[in-house]
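The values are calculated or read from the model by the stated rules, or taken from the named source; none is laboratory data. Being a predicted model, the structure only gives us computed values, none of them experimental. Here the Cβ positions follow ideal geometry from the backbone for every residue, glycine too, while neighbour counts run over all protein chains shown. Side chains included, ligands, DNA and RNA excluded: accessible areas come from the protein's heavy atoms. Shrake-Rupley method; radii C 1.70, N 1.55, O 1.52, S 1.80 Å.
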Amino acid sequence: MRIKTIIPDFLALYDSKTKFELHDLETYINRHPEVFDQYFPNHCPKTEERLQTATDTYPGKLNDIRTMSEKLPRIIEEIDGVYTEVFNNDLAINYTILVGTFGSNAFVTREIKGDIYFATEKLSPVTEHLKVIVAHEIGHVTHFSLADRQGMDWKTVDWIHGLTTLYTEGVATYLSRKIVPVLNQSVYFTYDDDGDSWVNCFEGNKREVKQRFLQDVLSGWDTVKEKEWFRLSGGSYFGYNRLGYLLGTKYVEHLVERVGEEEAFTFWNGNDMKADIVAWLKK
């Protein structure tokens, strides 16, 4: 395990200025190309408008960022240790903690399995919330590792298809509940205390959500649908974004009941996972 944080550099630069401006943010970004080449553009668009808005928004988030600069590395160490104990598997994960520009809150790189990034300006500083999102992201790496140990041919994975995202996000959410149990259900999806109405929307419209997702799958997947179901910028169908996470978790729960945890986590290796999800959506 290696934890790299570039928050101290951000804070030192921020605190050295009477007013933190756009060119200061650009200086910070340019100091860490190895981080921001991963962050932009896949996890946040890099536009002057986006950077200016981030610069204007930082003052209201600064105390939270300072708190997480101290707290998050310790939480990462704790949750990484729990995963190692539960799965008897030292994943040797590389963690990077940054201040981003209000794009993704956290992500795992697909090119190199094992790199996890946390953008603190988008996170809640509450300990339980941080534990859940850390557990979710490590859940992705654990999921990949379990399949890799079984000889998964990664060239066969259709990473950009919504059925793949549904499955991988479902497994990561399922694992976060296993590793950090007994919290309010919505915390596992929104990583804060504001998600009850979001979960209630899904539960109250579960059949309609399944049908609409199936319709989008059968009519051909694209980036617009990916954003609708799995990105913070979605939510036009039912008024709440990222409902695909809830749908994916329900599928994985169904799969665990059917085949058991171990096989559910590696089901995409040697099975037609897409066809299985479509059959479940049709029920």
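The table that follows gives values for the structure above.
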{"quantity": "Number of the exception - K122 against (1) touching a strand residue (DSSP E or B) at 6+ places or on another chain (Cβ under 9 Å); (2) more than 26 Å from I7 (Cβ to Cβ); (3) open to solvent by 20 Å² or more (accessible area, probe 1.4 Å)", "calculated": "(2)"}
{"quantity": "Those residues of segment 190-218 which are in a helix (DSSP H, G or I) and surrounded by fewer than 15 Cβ atoms within 10 Å (Cβ to Cβ), in sequence order", "calculated": "D196, S197, N200, E203, G204, K206, R207, E208, Q211, Q215, L218"}
{"quantity": "Selected residue [farther than 26 Å from D37 by Cβ and open to solvent by 50 Å² or more (accessible area, probe 1.4 Å)] from V86, V82", "calculated": "V86"}
{"quantity": "Among (1) surrounded by fewer than 19 Cβ atoms within 10 Å (Cβ to Cβ); (2) assigned to a helix (DSSP H, G or I) - the single one G270 does not satisfy", "calculated": "(2)"}
{"quantity": "Output for segment 219-261, where each listed residue is in a loop (DSSP other than H, G, I, E, B), basic (K, R) and free of Cβ contacts under 8 Å to residues at least 40 places away in the same chain", "calculated": "R231"}
{"quantity": "Identity of the residue in segment 225-247, among the small types (G, A, S) and more than 13 Å from the chain's Cα centre (by Cα), that ends up farthest from N200 (Cα to Cα)", "calculated": "S233"}
{"quantity": "Residue count, segment 179-189 (criterion: crowded, with 16+ Cβ neighbours inside 10 Å, of a type outside the set (A, V, I, L, M) and part of a loop (DSSP other than H, G, I, E, B))", "calculated": "1"}
{"quantity": "Answer residue from segment 101-119, given it is open to solvent by 20 Å² or more (accessible area, probe 1.4 Å) and of a type in the set (V, I, T) and is nearest to T53 (Cα to Cα) among those", "calculated": "V108"}
